[in-house]
Amino acid sequence: MDERKVLDQFRVRPGKKLRLKDHDPGWQGESEKSKAERKEYAERILTEDVAELAEAQDLLYAADTWSVLAVFQAMDAAGKDSTIKHVMSGVNPQGVQVFSFKHPSAEELDHNFLWRCSKALPERGRIGIFNRSYYEEVLIVKVQSGLLDAQRIPGVKPGKKLWEQRYDDIVNFERHLHRNGTAIVKFFLNVSKEEQRRRFLERIDQADKHWKFSYGDIEQRARWDDYQDAYQDALEATSTDEAPWYVVPADHKWVTRAVVSRILVNTIKSLELEYPAVSEAQRQQIAEARAKLMAEGPVEKSD
């Protein structure tokens with residue numbers, strides 16, 4: 001299976017028309033391989049990538065030049081939380097920070113729509129995960145336009161002009177971040193309406209999953225088509241070479257996790273990072289330190 005071609009089919013190309021209907025949430029028809037072969041391939045890739053991502057993150061931290069921001073957006077029950085948990089399972093917790101953005105607070109509403117996410121950006125050497133993000137401002141705020149009233153922006157009304165201005169603000173914000181050493185990669189976990197229904201019913205029918213369920217999810221589901229249109233417009237308008245969007249199949253979690261992990265590994269590798277160079281003075285100090293430690297006697301083997 002040609003990995004480059006597999007991943008390339010998920011990328012939203014800048015300047016190209018996007019049709020979410022052309023992206024299969026179940027990843028059924030994009031490969032000649034059977035489902036069993038594709039699942040085996042995906043699980044093998046994930047196993048390899050958990051270790052490889054840990055190494056890549058270690059290099060990212062040591063180099064201390066770039067940071068990485070991974071943005072996750074999706075309809076409810078698409079698997080954002082579980083994907084983040086599994087993909088980042090092997091990474092040093094000190095090198096990754098996860099932020100979830102829910103309904104904005106009164107303080108956040110008193111600032112521009114990028115403010116609360118700007119405060120949570122990863123510093124150099126770290127991977128930052130945004131579970132939802134500033135993209136909510138062109139998704140849920142667009143679909144439920146009444147939310148815009150709470151922002152109290154003078155003279156602003158919902159409409160095509162406003163959303164185009166926000167797309168421009170986002171693109172310029174992400175371009176600024178990239179220019180200053182933040183590599184950005186964005187994932188839309190593309191779940192089908194039927195799979196979402198199955199997962200909602202699972203949450204309802206299993207008592208230990210009731211905590212995951214909110215009736216508001218059903219109200220949001222009623223506007224499925226509006227959200228699909230909002231996602232399609234936002235992804236098409238804001239996928240750039242500096243901050244690409246990937247439409248990741250989300251009906252099968254083994255597909256989602258494998259695709260996300262491989263793209264994250266490739267993103268860090270593309271930065272061509274190197275461990276910091278050691279000066280001659282440091283080499284001498286290392287040699288002296290070794291000599292002093294060895295002078296203390298034989299080194300016992302560890303268990």
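Every read-out reported here was derived from the displayed coordinates using simple, explicitly stated rules and does not represent laboratory data. Since the structure is predicted, the reported quantities are computational estimates derived from the model, not experimental observations. In this analysis, Cβ positions are derived from the backbone assuming ideal geometry, glycine residues included, and neighbour counts consider all displayed protein chains.
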The answer for the net charge of residues other than residue 107 whose Cβ lies under 12 angstrom from its Cβ, with Lys and Arg +1 and Asp and Glu -1, is 0
Pull up the DSSP beta bridges for the chain and report the antiparallel fraction as a percent, rounded to 5. 5 percent
In square nanometres and to one decimal, what's the mean projected area of the convex hull around the Cα atoms of the chain? 21.5 nm²
Would you mind ranking 241, 169 by Cβ crowding within 10 Å, fewest neighbours first? 241, 169
Ranked 24, 168, 49, criterion: other C-beta atoms within 10 Å, fewest first: 168, 24, 49
Compute the separation of the alpha-carbon centres of the range 141-213 and the range 268-294 and state it in Å as a whole number. 44 Å
On a 0 to 90 degree scale, rounded to 10, what angle separates helix 35-63 from the longest Cα axis of the chain? 60 degrees
Over the range 62-131, with a single point scatterer placed on each C-alpha, what log10 of the ratio I(q)/I(0) does the Debye formula yield at q = 0.13, 0.19, 0.26 1/Å? -0.44, -0.86, -1.20
Quick one: angle between helix 280-294 and the longest Cα principal axis of the chain, in degrees between 0 and 90, rounded to 10, please. 60 degrees
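Summing +1 for each Lys or Arg and -1 for each Asp or Glu, what net charge is found among the other residues whose Cβ lies under 13 Å from the Cβ of residue 64?
Details: positive: 124, 126; negative: 58, 123, 274.
Summing Lys/Arg as +1 and Asp/Glu as -1 gives -1.
What ranking, highest mean first, results for peptides 220-230, 268-278 when packing means the other Cβ atoms within 10 Å averaged over each residue?
Highest mean packing first, the order is 220-230, 268-278.
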Give me a comma-separated list of calculated 3J(HN,Hα) values for the range 123-131, in order, Karplus coefficients 6.51, -1.76, 1.60 applied at θ = phi - 60°, integers in Hz, x for any Gly or Pro. 7, 4, x, 10, 9, x, 10, 9, 8
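Which of the residue pairs 17/186; 102/212; 142/186; 80/269; 21/193 have a Cα-Cα distance greater than 21 Å in the structure shown?
80/269
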Mean residue ellipticity (222 nm) of the chain, computed from DSSP H runs ≥ 4 via -39,500 (n - 2.57), nearest 500: -14500 deg cm²/dmol
Karplus ³J(HN,Hα) for the range 237-252 (6.51 cos²θ - 1.76 cosθ + 1.60, θ = phi - 60°; Hz, whole; x = Gly/Pro) runs 7, 10, 7, 10, 5, 6, 9, x, 9, 10, 8, 9, x, 10, 6, 10
Counting only other residues whose beta carbon sits under 14 Å from that of residue 50, what net charge do I get with K and R as +1, D and E as -1? -2
Tell me, what ³J(HN,Hα) does each residue in the range 208-213 have, in order and in whole Hz, if you take phi through Karplus 6.51 cos²θ - 1.76 cosθ + 1.60 with θ = phi - 60° and put x for Gly and Pro? 6, 10, 4, 5, 7, 8
Kirkwood Rh in Å, taken over all unlike Cα pairs in the range 94-171: 13.6 Å
By how many degrees, 0 to 90 and rounded to 10, does the Cα axis of helix 193-205 deviate from the longest principal axis of the chain? 80 degrees
Residue span residue 107 to residue 294: 0.36 nm per residue of separation minus Cα-Cα distance leaves a gain in nm of 61.5 nm
Rounded to the nearest 0.05, FRET efficiency between residue 223 and residue 168 (Cβ-Cβ, R0 25 Å) equals 0.50
Distant-in-sequence amide H partners of residue 69 (H built 1.01 Å from N, under 5 Å): 128, 183, 184, 185
